[in-house]
Amino acid sequence: MTRSLPWLLSLTAIALDARAQAYDVFSSAYLYELGFYGLYPTTSFKSSGLTPPLLNFPRWDEQKCSDGYYVIAQKGKLVSDPGPTIFDSRGELVWADDSYGVVFNLQIQSYKGENYLTFWSSPDGSSHGYGRGTYYMLDSSYQLFRHFEPAGEGLRGDLHEFKITEHGTALMTIYNPVPADLTSIGGPEQGWAVDCLFQEIDIATGELMFEWSAIENVAISDAVRYFAGEDDGTTPETAFDFFHINSVDIDAEGNYVVSGRHTSTILCISPQGEILWTLGGDANDFRDLSDGRATDFMYQHHARLHGNHTLSIFDNAASERAGPASKQGHSRGMLIQLDTTDMTATLLHEYFDPDNPRTTVSQGSMQVLDDRVVLGYGWLPFITEFAPDDGSVLCAVELAPWVAARWGLVNTYRAFKAPSWVGKPTDPPAIYLDPADGRVFVSWNGATEVRRWVLQGAEWTDLKSETSTKTRGGDEQGTKFTDLDVVEKNAFETALDLTDDMPRYIRVAAVDEHGGVLTHSQVVDRHVGNAPRNWAYNALVCAAIFVALVGAVLLAIGRRGRKAMLGNVSRACDVAAAWRDTVATSLGRDGVCERYTARTWWRDWGGAKPHELQSIYQE
């Protein structure tokens, strides 16, 4: 009874957490938040080594949440395999790649009519709130299409922004330490400041189209954050970050809209590099028609332009750096109407969950879609979807429980909901077969067009016939595989049952919604399988081999070493006896030495035979 008590308590706790079984998505109301499933719950598979986070849906609506893809790049101290990741609307893994390491700003963007995955990555990660790395574009087969570096000697791409424009160009941010006079904020005269730049690069040619520098256009004293912290401006490595650029966008007239977090401002910059207007901060140019609520954002992220002169902003309302406090008690999404003729700003909508307001001190995003607004909370690994008109909560997603999220142990810079994505990986589906399981597991990392899996089988003679047919240029109609079972694809990995009467050799075919075969997995002998041995089995085998080897070595040493040792001891006794006879003679005593009379204990040691006690040297 004592041993079964923990299991009974666990089952009772899960039963009380009624929402955990309410839908075909994982939805836990209480236990997940308390860390019952772990500080960073993950999902594992038989056919793949990927371990994506287990997404929790504390809020879910079948009619409003069951479409699209979540585009996330999880990272943090608890994330052992960070990287770009795509989930479907129910939290099932679609694609992941942990070969890039820590990734920022994963998005799906369009270039010349085709969709691409774009992100920033660097082997060194980020430091002091910015990064020095490379931008990547992957095509629909997840192959590298382009990678980018900024133009200019010694400049590296920053993690905050990589936006593809309608003109076939890319906007990217750069952080570059430069000498600066910091006396206006209480720093050294011969100090260092971070110059925040952005460039517009032609994607096809790599040509630099435009560049703008913050330190050449914005006064260092405009920073609202305090001159405090590790970036004290005394060295290039600790250059003071007075502006902190974190987003860039472009309008139809070619004007750029830039977000400066540490000045709490949104700037509009002309194609000639002049600042046309400033929204928010100490240099605000707009009259606020919403009693100050349209311009009181602080430490914001992700400013984006939309139709009819509207602007969306993710207002953090908090910062990890020392500075004045925000009037807002929580983070929020803002949709602002701008009138650049009369210079007025009106808050149209703000988005936050009044039942569960969140405050995130860094990172974050706001995505405006036709039917929803998606907020990613950055430092907090949470995503919330709102109705665009009334701001009601539609869906809520969590990558980690609150007990870990509050310390930033799991986070994501931005998070997006993509209405569509078509993935066509070049690698074949992966299958796992252990004959003891009686099932075959199949998955295809990145494939979005698979609707069902078809288990197929063949005997050895059929395989030889298929090989011969293909060698002569035959097609799939010449193969002798027969369909054995069909299973709908409802998750990243699917299990298909095996029976004893099935052919010996099997494979799995991926079939699309029209019944067309996309590709096949490898062929596996179901009597042998392809599953690697588990670690416990391997450990036992290794231990048995080690013990056998040690035993053999000791046995060999025992047989040879015993003879040599006993012979040498016998010779030593002969020498000692001769010395004793000599001494006795010189002393006038009987020189006869009775050998072994005093040292007979070893004579039969180990069952030694008489001839083994003979000296190996002849006197």
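So is SER89 in contact (Cβ under 8 Å) with a residue 24 or more places away in the chain and either hydroxyl-bearing (Ser, Thr, Tyr) or surrounded by fewer than 19 Cβ atoms within 10 Å (Cβ to Cβ) (or both) or not? Yes; evaluated as a whole, the condition is true for this residue.
Taken as a whole, the condition of being in a loop (DSSP other than H, G, I, E, B), farther than 19 Å from GLU33 by Cβ and not small (Gly, Ala, Ser) does not apply to ARG358.
Inside the range 192-241, residues that are among the small types (Gly, Ala, Ser) and in contact with a helix residue (DSSP H, G or I) (Cβ under 8 Å, 6 or more places away or on another chain) make up a count of 4.
Table: residues versus (1) touching a residue at least 40 places away in the same chain (Cβ under 8 Å); (2) under 15 Å from the mean Cα position of the chain (by Cα); (3) surrounded by 19 or more Cβ atoms within 10 Å (Cβ to Cβ).
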residue	(1), (2), (3)
THR85	no, yes, yes
LEU93	yes, yes, yes
SER99	no, yes, no
GLU114	no, no, no
TRP120	yes, yes, yes
GLY133	no, no, yes
SER140	yes, no, no
PHE145	no, no, no
PHE148	yes, no, yes
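Residues considered: GLU350, GLU320. Of these, the only one that is within 30 Å of ASP231 (Cβ to Cβ), surrounded by fewer than 21 Cβ atoms within 10 Å (Cβ to Cβ) and acidic (Asp, Glu) is GLU320.
Residues in the range 250-276 that are part of a strand (DSSP E or B) and surrounded by 18 or more Cβ atoms within 10 Å (Cβ to Cβ): 11 in all. Could you list, in sequence order, all residues of the range 201-214 that are more than 15 Å from CYS268 (Cβ to Cβ) and part of a strand (DSSP E or B)? Once the filter is applied, which keeps residues that are more than 15 Å from CYS268 (Cβ to Cβ) and part of a strand (DSSP E or B), the range 201-214 yields ILE201, ASP202, LEU208, MET209, GLU211, SER213.
Restricting the range 66-77 to residues that are under 13 Å from the mean Cα position of the chain (by Cα) and in a loop (DSSP other than H, G, I, E, B) leaves a set whose member that is farthest from ASP370 (Cα to Cα) is LYS77.
Which one is surrounded by the fewest Cβ atoms within 10 Å (Cβ to Cβ) among residues in the range 59-79 that are of a type in the set (S, T, N, Q) and modelled with pLDDT under 95? The qualifying residue surrounded by the fewest Cβ atoms within 10 Å (Cβ to Cβ) is GLN63. A Cβ distance below 6 Å, combined with a sequence gap of six or more or placement on separate chains, defines the contacts here; from the range 313-335, residues that are within 12 Å of SER264 (Cβ to Cβ) reach residues that are acidic (Asp, Glu) and modelled with pLDDT of 90 or more in the pairs LYS327/ASP296.
Taking the criterion of being modelled with pLDDT of 95 or more, aliphatic (A, V, I, L, M) and out of contact with any Asp or Glu (no Cβ under 9 Å at 6 or more places or on another chain), the residues of the range 27-58 that qualify are LEU39, LEU54.
Residues of the range 510-535 that are among the polar types (S, T, N, Q), surrounded by fewer than 18 Cβ atoms within 10 Å (Cβ to Cβ) and in contact (Cβ under 8 Å) with a residue 40 or more places away in the chain: THR519, GLN522, ASN530.
Of the conditions (1) more than 17 Å from ILE383 (Cβ to Cβ); (2) outside any loop (DSSP other than H, G, I, E, B); (3) in contact (Cβ under 8 Å) with a residue 12 or more places away in the chain, GLN63 fails just one. Which one is it? Only one criterion is unmet by GLN63, namely (3). Quick one: would you say SER80 is free of Cβ contacts under 8 Å to residues at least 40 places away in the same chain, part of a loop (DSSP other than H, G, I, E, B), among the polar types (S, T, N, Q) and touching a Lys or Arg at 6+ places or on another chain (Cβ under 9 Å)? The answer is no for SER80. Collect the residues in the range 390-403 that are touching a residue at least 40 places away in the same chain (Cβ under 8 Å) and in contact with a strand residue (DSSP E or B) (Cβ under 8 Å, 6 or more places away or on another chain), keeping them in residue-number order. Matches in the range 390-403: GLY391, VAL393, LEU394, CYS395, ALA396, VAL397, GLU398, LEU399, ALA400, PRO401. Among residues of the range 389-446 being of a type in the set (Ser, Thr, Tyr) and within 30 Å of ALA531 (Cα to Cα), the one that is surrounded by the fewest Cβ atoms within 10 Å (Cβ to Cβ) is THR426. Residues in the range 496-509 that are closer than 20 Å to SER47 by Cα, surrounded by 17 or more Cβ atoms within 10 Å (Cβ to Cβ) and not basic (Lys, Arg): LEU496, LEU498, TYR505, ILE506, VAL508, ALA509.
Look at (1) in contact with a His (Cβ under 8 Å, 6 or more places away or on another chain); (2) within 20 Å of HIS262 (Cβ to Cβ); (3) buried (at least 20 other Cβ atoms within 10 Å of the Cβ) and you find that ARG332 fails only one, number (1). Taken over the range 84-118, the criterion of being among the small types (Gly, Ala, Ser), outside any loop (DSSP other than H, G, I, E, B) and under 28 Å from THR205 (Cα atoms) is satisfied by SER99, SER110.
The one condition from (1) surrounded by 24 or more Cβ atoms within 10 Å (Cβ to Cβ); (2) touching a helix residue (DSSP H, G or I) at 6+ places or on another chain (Cβ under 6 Å) that PHE382 does not meet is (2). Collect the residues in the range 290-317 that are surrounded by fewer than 16 Cβ atoms within 10 Å (Cβ to Cβ) and in a loop (DSSP other than H, G, I, E, B), keeping them in residue-number order. Within the range 290-317, ASP291, GLY292 meet the criteria.
The values are calculated or read from the model by the stated rules, or taken from the named source; none is laboratory data. Quick caveat, the model's predicted, so the values are computed rather than measured. As a convention, Cβ positions derive from the backbone with ideal geometry for all residues, glycine included, and neighbour counts pool all protein chains shown.
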